[in-house]
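Beneath this line is the structure, given in structure tokens, with notes to follow.
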Amino acid sequence: MDWNQIIQNTIRAAVGVDAIYFAIAAIGLNVQFGYTGLVNFGQAAFMACGSYGLGVTAQYFGIGLWWGIPLGIFFVIVLALLVGVPTLRLRADYLAIVTIATAEIVRLFVRSVKFNKVFGGTDGISNYSREYRELNPFEPGATYGFAPFQFSGYSFFTILVGWTLVAIFSLLVWQLMRSPWGRVIKGIREDEDAVRSLGKNVYLYKMQSLIIGGIIGMFAGMVLALDRGTVQPDNYSRDVTFYVLTALVLGGLAKVSGSVVGSMLFWVIFVLSDNFLRELTKSGPLRIGDFTVIQSTQVGAVNYMFVGIGLMLLMSFRPQGIFGNRKEMALDGR
Amino acid sequence: MKKPNRSKFSRSSRFGLGFGSLFLIFFGLLSVSGVGASDSAASDYSIIASVQNQTLVQGVTSREPVANASVTVTTPGGEVIGTATTDEQGLCTIAVPTRDDYLITLDIESLPDGLQLIDANKFQVSITKDLFTTNTKRVTFFTGQSGTAGATETERILQRLADGIRLGLIIAMCSVGLSLVFGATGLTNFAHGEMVTFGGLMAFFFNVNLEIPILISGPIVIFMGGLFGLLFNWGIFARLTKRGIGLISQLVVTVGLSIMLRNIYLFQFGGRTKQLASFSKQTNLEIGPIGITPRDLTTAILGVIILVSVALFLQRSRLGKAIRAVSDNVQLASATGIDTRKVIRVVWFAGGALAATGGIFRGLDEQVSFSMGSDLLFLMFAGITLGGLGSAFGALIGGFSIGILVEMSSLLVPSELKVAPALFILIVVLIVRPQGILGKSQRVG
């Protein structure tokens, strides 16, 4: 067992691109779920808006990459209206049902043969990130940083950009939630009727929260798309939302630092478990007597099983997460 | 409330006990049974290429494997990793060194005479390393005709209607439990799809591993499905409700449960779809213009019988009336002397049993896979929303309509998008009549 390598990978995961895009997506989800109490199970679709926004501008329209940001915002608003208009006046779980369904349909749409020309079908879109790569001041081939934080020039640039975005959005959400707007939003989570009796248009506030959270989620998709250099429809499956949710609950709902720390922790634990199990099964399946405990093809399933167990246990025993405040977590939708 | 001296610690440890034992019982159940001990690959990573010839008979596409086709895996740079020819199952496995980007090319010249690719441009598939969700990545090439040649408009509509009725029966069966649990406890159970999968996988275990015919093992699986539902309630949700955990938090717990169970299934069963042994080979019966296998006809008739008896049970029996009373209004029902906790247990049992039945039927209809239930979850939600959340009859009507709608809509939209109209219905219903056809408006807002 190569513990040195495992530990290096684990530490690196805390700052890697996966933690970054999870953190940004979780900040967005936190605005919706943590602060407003909107159960958005379709954050993956909002992320896809960003990724496909970038991909489609460069590939289909043939205009500059950065037009992808307004296009992505347009996608987000359309999507938020689609899921929000019918459900935001209703009980909380209707939004959950509609968002989970919409996210799945969005994924089916972008991978369909019918819209192959625009979204690239199952192959997705690649070759759009040239303009972004030209901005990179670092030598793409060279290695930067110190052990264990060593990255190639390209990753290093993405990581810098990504953490800058994380910082910007954290600051933004922190300020937003201190503002009068944020107090109304938190009031809606605690008692919708009380806020309504103060003359606030709850529906409109919920919609704004959904769109703002969606736009932040969109940037998570953009970071992912720029890092991978390719947009694949299956990167935006339903489960991605749930993993982001797990990271968010782990760090603590309704806390700005919660989303960031939660995402880092999520990936540290995930990479540790993944690396450990892969090392364990590298030289054949692990057996106790005749009973095969685990083999290498099953490592992925075990990791995600832990994620599910973790989400259940956290929600049951520590819904405020590791750092959260229990008073902020009085979610109840009836 | 009754025992104020009970400390918080003991309560949560009791809870943890239930939680843990649920997990252990379930995991033990599966690992002892060793459902379809998954096939391990020799190398860490491999690509499985499959070549299938697609033919269209009576509006139903059937696929046959193509042997002796040559498939090559290269890096995007053009370096050849390996070449293989397909076997009798139309499959070949090519080991690849790591999880990376590859190009998979089918040699068109090697296809048997007369076969062509459906889409002549699809002789090459590129995959990226992200697509390796497990250690094997499967790629399929289709030859033969596609589309809808050969059948007249009426025949196609009737055929789709017949398929729609079958799907509708399955969805109705699965969603009754979802709706009843919602009515009785207020919980939206996102792990309900996994209860359906449980039925399918258990049917596979009895039918294929133990070689017990489905007609005998079916009732056992249905009973086990009911116990599985009870286990959900006893192990988790009854305890959470007792501890005063809110419904939205419980909803998130169901999401975690769903992820956990789906991955346990994946762990035990593997990522492939597999066929049940009973009734796997059947020839079409021609009823007028519709082609239907005796198996499908039998399951359809059985499905109708089951659903009618569920409806009669709810309408006529004392227990059924109690269930409807509880799902109408828990406080009032409780005030009239109905033991609501007992009713909730019954509802979980019945929901689990019906979901398992749906899983068996779905497994016979299509194939068994670890995600067969969660793939249907969205259609179930659309069905119960259309029928009215919390109403059992609504779930029957709504689920049935959604099944027909989905199959019929594949006449108009590409079949890969045939579930999209269900979303459309879902949104329209929520705008126009959010309580659904049979729902009560007071629980909506």
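Throughout, read-outs are computed from the coordinates displayed, never taken from laboratory work. If you're wondering where the values come from, they're calculated on a predicted model, not measured in any experiment. As a convention, Cβ positions derive from the backbone with ideal geometry for all residues, glycine included, and neighbour counts pool all protein chains shown.
Could you give the length gained on full extension between A:Ser179 and A:Leu286, defined as 0.36 nm per residue of separation minus the Cα-Cα distance, in nm? Walk me through the numbers on the way to the answer.
On the way: separation 107, 0.36 × 107 = 38.52 nm, distance 5.51 nm.
Here the answer is 33.0 nm.
Figure the gain on full extension for B:Phe313 and B:Arg138 (residue separation times 0.36 nm, minus the Cα-Cα span) and round it to one decimal in nm. Each step should come with its number before you reach the end.
On the way: separation 175, 0.36 × 175 = 63.00 nm, distance 4.57 nm.
Gain on extension, B:Phe313 to B:Arg138, equals 58.4 nm.
Cross-link candidates for A:Lys282: which aspartates and glutamates have Cα within less than 16 Å, leaving aside residues fewer than 8 places away along the same chain?
A:Asp2, A:Asp274, B:Asp44
Would you calculate a helix-derived [θ] at 222 nm for the protein assembly as shown, using -39,500 (n - 2.57) for each DSSP H run of n ≥ 4 and dividing by the full residue count, to the nearest 500? List each step's numbers first, then the result.
Details: 27 runs with 442 residues, N = 779.
Counting only the DSSP helices, I get -19000 deg cm²/dmol.
Mind ranking A:233-239, A:47-53, B:311-317 by how tightly packed they are, going by the mean number of other C-beta atoms within 10 angstrom, highest first? Kindly include the intermediate steps, with their values, before the conclusion.
Details: A:233-239: 20.7, A:47-53: 30.7, B:311-317: 13.4.
Ranking, from highest mean packing down: A:47-53, A:233-239, B:311-317.
Give me the one-decimal nm value for the distance between modelled label points at B:Glu88 and A:Phe276, 7 Å along each residue's Cα-to-Cβ direction.
4.5
Order the peptides B:393-402, B:159-168, B:406-415 from the highest to the lowest mean number of other Cβ atoms within 10 Å of their residues.
Details: B:393-402: 26.7, B:159-168: 21.4, B:406-415: 16.6.
Result, highest mean Cβ count within 10 Å first: B:393-402, B:159-168, B:406-415.
If you count, for every residue in B:265-274, the Cβ atoms of partner chains within 10 Å of its Cβ, what is the mean?
Values: counts 2, 7, 10, 2, 1, 3, 3, 0, 0, 0.
Mean shielding count: 3.
What are the ³J(HN,Hα) values, in whole Hz, obtained from phi via the Karplus relation 6.51 cos²θ - 1.76 cosθ + 1.60 with θ = phi - 60°, for each residue of the range B:331-348 in sequence order, with x given for Gly and Pro?
3J(HN,Hα) across the range B:331-348, in whole Hz: 5, 4, 4, 5, 5, 7, x, 7, 6, 5, 5, 5, 4, 4, 4, 4, 5, 5.
At R0 = 22 Å, how high is the FRET efficiency between B:Asp328 and B:Val304 if r is their beta carbon distance? Nearest 0.05 is fine. Working shown, then result.
Details: r = 26 Å, r/R0 = 1.20.
So, using R0 = 22 Å, E works out to roughly 0.25.
Once label points are set 7 Å from the Cα along Cα→Cβ at both A:Glu134 and B:Ile220, what is their separation, rounded to one decimal in nm?
Here the answer is 6.8 nm between the modelled labels.
Once you wrap a convex hull around the alpha carbon atoms of chain A, what is its projected area averaged over all directions, in nm²?
On the way: hull surface 76.4 nm².
Directional mean of the projected Cα hull area for chain A stands at 19.1 nm².
Size of the dipole of the protein assembly as shown about the Cα centre, Lys and Arg at +1 and Asp and Glu at -1 on the beta carbon, nothing else charged, in debye to 20?
Working: 61 positive and 47 negative charges, 813 e Å.
I would put it at about 3900 debye.
Among A:Gly308, A:Gly221, A:Gly199, determine the one that fluctuates most according to a GNM of chain A built with springs between C-alpha atoms less than 10 Å apart.
Maximum fluctuation in the GNM of chain A, among the listed residues, is at A:Gly199.
Given H placed on each backbone N at 1.01 Å, which residues far from B:Gly82 in sequence or on other chains put an amide H within less than 5 Å of it?
B:Val73
Using a cut-off of 12 Å between alpha-carbon atoms, which aspartates and glutamates can reach A:Lys186, once sequence neighbours fewer than 8 places away in the same chain are excluded?
A:Glu328
Under 18 Å between alpha carbons, and skipping anything fewer than 8 positions from B:Lys440 in its own chain: which aspartates and glutamates qualify?
Filter leaves A:Asp93, B:Asp328.
Tell me, what HN-Hα J-couplings in whole Hz come from the Karplus equation 6.51 cos²θ - 1.76 cosθ + 1.60 at θ = phi - 60° for each residue of the range A:150-155, using x for Gly and Pro?
Once θ is set to phi - 60°, the couplings for the range A:150-155 become 10, 9, 6, x, 5, 4 Hz.
Over the Cα atoms of the protein assembly as shown, compute the convex hull volume and normalise it per residue, giving Å³. Working shown, then result.
Details: hull volume 135.6 nm³, N = 779.
Looking at the protein assembly as shown, the number lands at 174 Å³ per residue.
Would you work out the charge dipole size for the range A:3-236 about its Cα centre, treating the Cβ of every Lys and Arg as +1 and the Cβ of every Asp and Glu as -1, and quote it to the nearest 20 debye?
Computed about the Cα centre, the dipole is about 440 debye.
Just add up the charged neighbours of B:Ile338: K/R +1, D/E -1, any other residue whose Cβ is under 14 Å from the Cβ of B:Ile338.
Values: positive: B:Arg318, B:Lys321, B:Arg324, B:Arg341, B:Lys342, B:Arg345; negative: B:Asp328, B:Asp339.
That sum, taken over residues with Cβ under 14 Å, equals +4.
List A:Met218, A:Met207, B:Met202 from most exposed to least, where exposure is judged by having the fewest other Cβ atoms within 10 Å.
Details: A:Met218 30, A:Met207 18, B:Met202 27.
Final ranking by Cβ density, sparse to dense: A:Met207, B:Met202, A:Met218.
Grab the Cα-Cα distance for B:Ala95 and B:Gln54, subtract it from 0.36 nm times how many residues apart they are, and report the gain in nm with one decimal. Kindly include the intermediate steps, with their values, before the conclusion.
On the way: separation 41, 0.36 × 41 = 14.76 nm, distance 2.67 nm.
Additional length available on full extension: 12.1 nm.
Any of B:Lys122/B:Lys274; A:Lys117/B:Lys274; A:Lys117/B:Lys418; A:Lys255/B:Lys342 with alpha carbons more than 30 Å apart? Name them for me.
Numbers: B:Lys122/B:Lys274 26 Å; A:Lys117/B:Lys274 33 Å; A:Lys117/B:Lys418 20 Å; A:Lys255/B:Lys342 40 Å.
Among B:Lys122/B:Lys274; A:Lys117/B:Lys274; A:Lys117/B:Lys418; A:Lys255/B:Lys342, the Cα-Cα distance tops 30 Å for A:Lys117/B:Lys274; A:Lys255/B:Lys342.
With bins 5 Å wide starting at 0, give me the P(r) of the range B:217-282 over every alpha carbon pair, in whole percents.
So the P(r) values, bin by bin, are 4, 13, 14, 19, 19, 12, 9, 5, 3, 1, 0.
Separation of the range A:158-224 and the range A:4-28 by C-alpha centroid, Å?
For the range A:158-224 versus the range A:4-28, the Cα centre distance is 23 Å.
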